[in-house]
Amino acid sequence: MLLRFVGLLSCLFCLVSCQKNEEANSSKVVRISSNDDIPSIDPRRARSLASVNAVHFLFEGLTRKATDGSIECAACDNFQVSDDKTLYTFHLKKLFWSDGTPLSAHDFAYSWKMTLDPTFKTANAHELFVIQHGKDCWEKKLPAEQLGIRVIDEQTLEVKLEKPLSYFPELLTCHFFYPVSKKWFSTHPEAKELSFDKPPSNGPFKMKSHRTGEGIVLEKNRHYWDKESFHIDSVAIVVAEDSTALCLFEKGELDWTGSPISTLPPDAVAHLKEQKKINFCPCAGTSFIRVNCTKAILPQQVRKAFFYAIDRQGIVEHVLHGDHLVAQKFIPPCMLPNVSCEQGQIPQASALFEKALGDLNLEKGAFANLSLIFIPCDVTQKMAQVVQQNFKDAFNIDLKVEACESKIFYERIQKLNYDLALGSWVADFNDPINFLNVFKEKNNGTNNTGWENEPYKALLERSSYISDREERNQLLANGEKIIMEEYPILPIYHYTFKYLQQGRVKGMRLSSFGTIELRGAVLLQQKTTGT
Amino acid sequence: MKPFCRLILTRFAIAIVTIFCVATVTFFLMKSIPGDPFQDEKGVPEECLKHLRQYWGLEDPLSVQYLRFVKSIFCFDFGPSLKYPAVTVNDIIHQGFPISALLGLEALLIAIPFGMLLGIISAMNHRKFKDSLFRFISVLGVSTPSFVIATLLQFVFAFYLSLFPVARFGTFWHTVLPSVTLAIGPMAMISRLLRASMLDVFNQQYVFTAYAKGLSSGQIIRVHILKNAILPILSYLGPVTTNVLVGSFVVERVFAIPGLGSWFVMGVLNRDYPVIGGLTCFYSMVLITIHSILDLFHVFLDPRVKIDATR
């Protein structure tokens with residue numbers, strides 16, 4: 001009996017383990033940890049940072065970010081903009097997909113049209129409403145032919161925008177503007193989106209293998225036009241829980257762990273800092289508290305008092321081990337520096353609050369049920385406790401802190417069923433508008449505070465017509481000032497990315513938007529050790 | 001019809017009804033949890049959410065969704081996951097189950113013989129030092145949560161002593177620590193159960209008779225005691241085998257094993273309805289199958305259980 005069992009077991013083991021281990025030759029693979037599986041490698045559908053990073057390795061848009069952060073042409077050779085700044089004509093390079101088939105303007109047009117096709121399921125459709133009639137076509141008010149995308153010839157693509165958009169080339173670096181192969185979809189009519197089964201890609205890497213729950217392995221795309229800038233043969237995104245990833249890293253089985261697609265275990269950070277192993281990188285992201293502006297007890301004066309009461313320095317020093325930046329404004333300084341907003345000062349909070357109560361004829365008792373909701377994790381839990389204590393000290397209010405499971409949290413903030421809620425925003429592309437648009441309209445899906453301000457909206461509208469960077473930034477800074485006078489949100493800190501990187505990898509970088517850059521990176525052929 | 005065939009047919013009919021009940025309860029429970037599967041930290045506009053919900057048929061009346069779900073069970077095709085739309089639930093089961101099942105079988109291979117051994121030694125040395133020692137160990141094993149055992153084993157044997165790989169799946173050595181972690185709980189439980197039931201059997205008259213006949217201890221244990229004492233373990237093995245075969249969330253997370261276990265929890269957290277529904281039905285199918293097999297064993301082992309009685 002026992003013998004039979006052992007036999008069965010060994011047969012099963014052979015069966016399971018005969019699946020090839022694609023990253024066996026680890027000396028040439030860069031292994032990056034992710035704490036979540038990759039939901040999708042379809043650029044039109046990617047949402048999570050893990051997906052966006054995989055898409056970023058696999059695909060490339062018309063423009064890309066140069067190593068100095070500026071925008072340069074990628075899939076296109078050059079482009080012209082019409083005088084009214086709404087018509088862009090892109091002249092494509094002669095490019096090939098990873099399967100050797102030629103890449104044409106049709107692929108870009110197909111990909112974007114599909115995103116705006118109401119029958120195509122994606123949560124990114126609204127990102128392409130900047131294209132003329134984008135929204136109307138998506139809402140089926142206009143036929144798809146009316147969409148402002150025209151293929152002039154195989155190498156020329158014309159895009160008409162709804163209104164001038166000075167940051168359009170910047171926007172084209174985002175994944176939702178990347179192409180997918182039209183030919184592949186015509187030969188796979190049953191496919192609704194790119195599968196993991198080796199779809200053609202046009203970026204520096206192509207798909208090699210995927211196993212659910214384990215991650216993906218990518219290999220170099222020999223058809224990529226700029227392949228000389230990439231010296232790494234293969235990339236693996238390995239799914240591992242945070243502390244497991246740290247163990248694997250310490251054992252030399254991972255080359256990169258931590259931000260952007262996994263987190264370093266908070267308890268290990270202090271120790272790793274002592275050993276000087278952690279790398280830091282500014283992140284274009286801000287953590288803040290959303291205030292439900294539709295509540296009668298939370299008008300501007302009260303929100304301002306709340307903003308003053310929060311001990312940001314304390315949170316950054318004690319909760320976050322001093323690794324992040326205190327935020328007195330919404331937009332991170334790495335994106336829009338030198339904006340002078342009012343600084344919150346704790347000693348004045350109490351007086352502001354008393355004055356607000358007097359002006360508004362409010363009783364302190366009205367705040368008896370005030371609550372702060374958040375998605376529980378080590379950091380948010382402690383942050384909520386600090387804010388609770390701050391409110392007690394400044395206003396003698398007992399703030400209730402309420403941990404909510406993530407999906408319930410999103411539903412509550414979307415339905416404005418909360419008082420205060422911890423939240424955050426990380427930019428997708430390098431323009432302050434990315435932050436300011438979050439609160440442009442009440443119902444845009446990102447606002448969730450019930451706050452809307454006409455001068456603010458007008459100002460953002462105006463900004464898209466201005467192409468001079470300085471002038472535009474000035475205007476957007478004024479927009480930020482409106483937010484920081486109205487306080488629909490109470491900024492707490494600006495994020496900093498923290499990650500570990502093996503010494504054998506040189507030149508691997510992290511952008512402030514959370515994408516890992518492998519251009520120019522090299523793998524030294526040596527035994528792996530920690531940095 | 002032979003009673004044996006009738007037994008199998010009855011079992012099969014009961015199994016189908018049970019799975020149907022499980023599916024119904026699961027469906028209405030998962031639909032009653034608040035939260036939208038498509039909402040995320042980046043915020044999706046209301047009209048986009050509506051589009052997505054329409055596409056996936058979540059805006060249809062509940063009865064239509066329910067019928068679609070029942071149909072998917074009978075075709076055993078649960079469709080794509082909502083969070084990971086490039087993979088279907090069938091893919092998840094197909095790729096994850098063999099890995100989880102392998103770890104589970106290894107765990108059983110450790111848990112059953114060692115658990116029984118500990119139980120027998122404990123019972124034979126009733127109220128002596130060995131008994132106390134093994135009882136202490138088994139209480140420890142039953143009461144230590146698996147995340148503690150997993151992290152401890154990982155730290156000591158993989159990280160500190162470098163005897164085994166830290167995590168991930170690949171070679172036989174990768175499976176050792178996870179299966180030991182999985183085995184410890186059931187092993188301790190089996191040893192406790194076997195000890196208790198053996199002590200019961202010890203006081204039966206036929207055991208005294210066997211001793212009086214002059215049989216050796218080994219023979220008595222094998223032929224007279226164990227055969228009778230093993231029955232409670234058989235009923236315990238049903239749920240335990242299912243649990244270890246379909247994988248454990250904690251063990252698979254800690255050891256980064258691409259098995260089935262973590263999907264049960266992730267499915268609920270993501271409100272991934274096809275994953276929740278599909279995996280729950282799959283789990284109940286495995287559970288019922290294993291229970292039926294063990295019931296058959298029971299019939300063979302215990303002559304008091306008549307085939308007719310199970311009708």
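The values are calculated or read from the model by the stated rules, or taken from the named source; none is laboratory data. From a predicted model like this one, the values you see are computed outputs, not experimental measurements. When we count neighbours, we look across all protein chains shown, and the Cβ atoms used for this are built from the backbone with ideal geometry, even at glycine. Accessible surface areas use protein heavy atoms only, side chains included; no ligands, DNA or RNA. Shrake-Rupley method; radii C 1.70, N 1.55, O 1.52, S 1.80 Å.
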What are the pairs, 6+ residues apart or on separate chains, where a residue within the stretch A:156-167 that is in a strand (DSSP E or B) has its Cβ under 7 Å from a residue that is surrounded by 16 or more Cβ atoms within 10 Å (Cβ to Cβ) and among the hydroxyl-bearing types (Ser, Thr, Tyr)?
-> A:Thr156/A:Thr89; A:Glu158/A:Thr89; A:Val159/A:Tyr88; A:Lys160/A:Thr86; A:Leu161/A:Thr86
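Does the stretch A:244-254 include one or more residues that are within 23 Å of A:His175 (Cβ to Cβ), open to solvent by less than 10 Å² (accessible area, probe 1.4 Å) and touching a strand residue (DSSP E or B) at 6+ places or on another chain (Cβ under 9 Å)? Spell out the reasoning first.
The initial filter retains those residues of the stretch A:244-254 that are within 23 Å of A:His175 (Cβ to Cβ), namely none.
No, that holds for no residue.
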Among (1) more than 25 Å from B:Cys48 (Cα to Cα); (2) touching a Phe, Trp or Tyr at 6+ places or on another chain (Cβ under 7 Å), A:Val438 falls short only on (1)
Inside the stretch B:14-40, can you point out the residues that are closer than 20 Å to B:Cys75 by Cβ and among the aliphatic types (A, V, I, L, M)?
-> B:Ala15, B:Ile16, B:Val17, B:Ile19, B:Val22, B:Ala23, B:Met30
From the list A:Asp431, A:Asp378, pick out the single residue that is open to solvent by less than 20 Å² (accessible area, probe 1.4 Å), of a type in the set (Asp, Glu) and within 24 Å of the chain's Cα centre (by Cα).
-> A:Asp431
Which one is farthest from the other protein chains (Cβ to nearest Cβ), of the residues in the stretch A:362-385 that are assigned to a loop (DSSP other than H, G, I, E, B) and touching a residue at least 12 places away in the same chain (Cβ under 8 Å)?
-> A:Leu362
Within the stretch B:251-268, residues among the small types (Gly, Ala, Ser) and within 9 Å of chain A (Cβ to nearest Cβ) come out as B:Ala256, B:Gly259, B:Ser262
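Could you count how many residues in the stretch A:251-266 are under 18 Å from B:Phe155 (Cα atoms) and touching a residue at least 40 places away in the same chain (Cβ under 8 Å)?
Matching residues across the stretch A:251-266 total 5.
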Among the helices (runs of 4 or more DSSP H) contained in the stretch B:197-311, which hold 3 or more residues that are closer than 30 Å to B:Ser81 by Cα?
-> B:231-245, B:249-254, B:261-269, B:273-301
If you scan the stretch B:163-176, which residues turn out to be in a helix (DSSP H, G or I), more than 7 Å from every other protein chain (Cβ to nearest Cβ) and either open to solvent by 10 Å² or more (accessible area, probe 1.4 Å) or farther than 15 Å from B:Thr151 by Cα (or both)?
-> B:Trp173, B:His174, B:Val176
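Results for (1) modelled with pLDDT of 95 or more; (2) among the charged types (D, E, K, R), shown as yes or no for each residue.
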residue	(1), (2)
A:Lys457	yes, yes
A:Ser463	no, no
A:Arg469	no, yes
A:Tyr493	yes, no
A:Leu500	yes, no
A:Ser512	no, no
(1) over 13 Å from A:Leu172 (Cα atoms); (2) charged (D, E, K, R); (3) outside any loop (DSSP other than H, G, I, E, B); (4) touching a residue at least 24 places away in the same chain (Cβ under 8 Å): which one isn't true of A:Glu127, the others all being true?
-> (1)
Among the hydrophobic types (A, V, I, L, M, F, W, C), touching a strand residue (DSSP E or B) at 6+ places or on another chain (Cβ under 6 Å) and over 20 Å from A:His106 (Cβ atoms) - does that describe any residue in the stretch A:84-96?
-> no
Please give the helices (runs of 4 or more DSSP H) falling wholly within the stretch B:1-78 in which 1 or more residues are closer than 28 Å to B:Ile290 by Cβ.
-> B:3-32, B:62-75
Looking at the stretch B:32-53, is at least one residue over 30 Å from A:Asp428 (Cα atoms) and either surrounded by fewer than 18 Cβ atoms within 10 Å (Cβ to Cβ) or touching a Lys or Arg at 6+ places or on another chain (Cβ under 9 Å) (or both)?
-> yes
Number of the exception - A:Tyr224 against (1) in contact with a Cys (Cβ under 8 Å, 6 or more places away or on another chain); (2) farther than 24 Å from A:Tyr495 by Cα | (1)
Mind checking which pairs have a first residue in the stretch B:23-44 that is more than 12 Å from chain A (Cβ to nearest Cβ) and under 14 Å from B:Asp272 (Cβ atoms) and a second that is open to solvent by 50 Å² or more (accessible area, probe 1.4 Å) and aliphatic (A, V, I, L, M), Cβ under 7 Å, 6 or more apart or different chains?
-> B:Lys31/B:Leu62
Among the residues of the stretch A:386-419, count how many are touching a residue at least 24 places away in the same chain (Cβ under 8 Å), open to solvent by 20 Å² or more (accessible area, probe 1.4 Å) and touching a strand residue (DSSP E or B) at 6+ places or on another chain (Cβ under 9 Å).
-> 5
Exactly one of B:Asp302, B:Asp272 is of a type in the set (D, E, K, R) and modelled with pLDDT of 95 or more, and that residue is B:Asp272
Single residue of B:Ala107, B:Ala86, B:Ala111 found to be surrounded by 18 or more Cβ atoms within 10 Å (Cβ to Cβ) and in contact with a strand residue (DSSP E or B) (Cβ under 9 Å, 6 or more places away or on another chain) | B:Ala86
Mind counting the residues in the stretch A:221-243 that are touching a strand residue (DSSP E or B) at 6+ places or on another chain (Cβ under 6 Å) and more than 10 Å from every other protein chain (Cβ to nearest Cβ)?
-> 10
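Go through the stretch A:101-128 and report how many residues are more than 17 Å from A:Phe177 (Cβ to Cβ) and modelled with pLDDT of 95 or more.
Adding up the residues that qualify gives 2.
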Positions within the stretch A:205-232 being open to solvent by less than 10 Å² (accessible area, probe 1.4 Å), part of a loop (DSSP other than H, G, I, E, B) and farther than 20 Å from B:Lys83 by Cα, in sequence order = A:Asn221, A:Tyr224, A:Ile232
Would you check which residues across the stretch B:125-161 are within 14 Å of another protein chain (Cβ to nearest Cβ) and over 27 Å from the mean Cα position of the chain (by Cα) and list them?
-> B:Phe159, B:Tyr160, B:Leu161
Just for the stretch A:255-292: of the residues that are open to solvent by 30 Å² or more (accessible area, probe 1.4 Å) and of a type in the set (A, V, I, L, M, F, W, C), which one is nearest to A:Val401 (Cα to Cα)?
-> A:Ala270
Go through the residues of the stretch B:232-247 one by one and say whether even a single one is under 20 Å from B:Lys71 (Cα atoms), open to solvent by 10 Å² or more (accessible area, probe 1.4 Å) and within 13 Å of chain A (Cβ to nearest Cβ).
-> no
If you go through A:Leu416, A:Leu459, A:Leu422, the only one that is more than 12 Å from chain B (Cβ to nearest Cβ) and touching a Leu at 6+ places or on another chain (Cβ under 9 Å) is A:Leu459
